[in-house]
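Asker: Encoded as structure tokens, here's the structure I'll be asking about.
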Amino acid sequence: MKKFLFLLLILTTVSFSETIVLKDGSQIKGEIQTVNSNIISIKSIVGQIVSYTDLVKEIYFDETATPIVGIWIEPNENEWINIPGKLTKFDGNSGTVLLPDNGTFVFSSRNAIKYSNFAETEKPLANKQTTSIIPGKTDKLKITLKNNGTFSANFSSRLGDVITFTVERGIISIPTNLIKLVVYPENTKYSTVFILKDGAKIYSKILKFESNSFLIETAIGVMFIRTDNIHTIEFLY
């Protein structure tokens, strides 16, 4: 019995959950303790390893993750999405993912991240607003990204072209140029439909009109729409 317990202790001691792949092809099995200010600290079988993140190619928090340029995150349980971004802060449990154009994902559990690639991510091709916002039979907002990843969330706030949502694993602030579609619970107050020249469809409530722009309230906050971007306006009621 004593020998068995001693063997179990050895196996537990050398078992690590993450795989860190360096740009030179080296692989380190370990437990990431911190990522901060371009420095990564790893607990491994050979002791503590401290390195620059510039030397890191990718990190597997889950061995089943598919390599990508960007990151795999889990906003809610069983809702994995691929998104352009990079792990910039981590304290062993919670952390921050930096997304393009001032977006972030601040997560509260290490279970919220499956993989991170440290290569420079390409900026999305489309920088204009093309997101459709439509009603549907849902309990929460259903967000579909332009790479067709989906997740559910509650709207928190909007600042310019960055929308902040609350999710089970934390808070995600995401630029609109990554979003393809937002479906929100049916709400009769959004009875005006703006169909834009780029094909976007937005259900809203008109707040005011000035300087050739409509100020509207939508399921993802208040926004201005210029008349020269509008194809048609429909009034449902």
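Asker: Within segment 130-169, track down each residue that is among the β-branched types (Val, Ile, Thr) and assigned to a loop (DSSP other than H, G, I, E, B).
Answerer: If the condition is that a residue be among the β-branched types (Val, Ile, Thr) and assigned to a loop (DSSP other than H, G, I, E, B), then Thr130, Thr131, Thr138 are the ones that fit.
Asker: Name the one entry in Ile28, Ile113, Ile49 that is open to solvent by 40 Å² or more (accessible area, probe 1.4 Å), at pLDDT 90 or above and aliphatic (A, V, I, L, M).
Answerer: Step by step, each of Ile28, Ile113, Ile49 is checked, and only Ile49 is open to solvent by 40 Å² or more (accessible area, probe 1.4 Å), at pLDDT 90 or above and aliphatic (A, V, I, L, M).
Asker: Now for a different question. For segment 34-46, how many residues are polar (S, T, N, Q), touching a strand residue (DSSP E or B) at 6+ places or on another chain (Cβ under 8 Å) and open to solvent by 60 Å² or more (accessible area, probe 1.4 Å)?
Answerer: So the count comes out to 3.
Asker: Within segment 141-151, is even one residue open to solvent by less than 30 Å² (accessible area, probe 1.4 Å), farther than 30 Å from Ile225 by Cα and touching a residue at least 24 places away in the same chain (Cβ under 8 Å)?
Answerer: No.
Asker: Those residues that are assigned to a strand (DSSP E or B) and either touching a Lys or Arg at 6+ places or on another chain (Cβ under 6 Å) or open to solvent by less than 10 Å² (accessible area, probe 1.4 Å) (or both), I need them from segment 170-191; list them, please.
Answerer: Ile172, Ile174, Pro175, Ile179, Lys180, Val182, Val183, Tyr184, listed by residue number.
Asker: Counting only residues that are assigned to a strand (DSSP E or B), open to solvent by less than 30 Å² (accessible area, probe 1.4 Å) and without any contact (Cβ under 8 Å) to a residue 40 or more places away in the chain, how many does segment 60-95 have?
Answerer: Here the count works out to 0.
Asker: Moving on to the next point. Tell me, yes or no, whether segment 220-235 has at least one residue that is polar (S, T, N, Q), in a strand (DSSP E or B), modelled with pLDDT of 95 or more and open to solvent by 20 Å² or more (accessible area, probe 1.4 Å).
Answerer: Looking for residues that are polar (S, T, N, Q), in a strand (DSSP E or B), modelled with pLDDT of 95 or more and open to solvent by 20 Å² or more (accessible area, probe 1.4 Å), one finds at least one in segment 220-235, hence yes.
Asker: Go through (1) outside the structural domain of Ile216 (by the TED database); (2) modelled with pLDDT under 95 one by one and return the number of the condition Asn154 breaks.
Answerer: With respect to (1) outside the structural domain of Ile216 (by the TED database); (2) modelled with pLDDT under 95, Asn154 is out only on (2).
Asker: Could you grab me the full set of residues in segment 47-59 that are assigned to a strand (DSSP E or B) and touching a residue at least 60 places away in the same chain (Cβ under 8 Å)?
Answerer: Val56, Lys57, Glu58
The values are calculated or read from the model by the stated rules, or taken from the named source; none is laboratory data. No experiment lies behind these values; they were computed from the predicted model shown. FYI the Cβ positions are ideal-geometry reconstructions off the backbone, even for glycines, and counts take in every protein chain you see. SASA here: full protein model, heavy atoms, side chains in, ligands and nucleic acids out. Shrake-Rupley method; radii C 1.70, N 1.55, O 1.52, S 1.80 Å.
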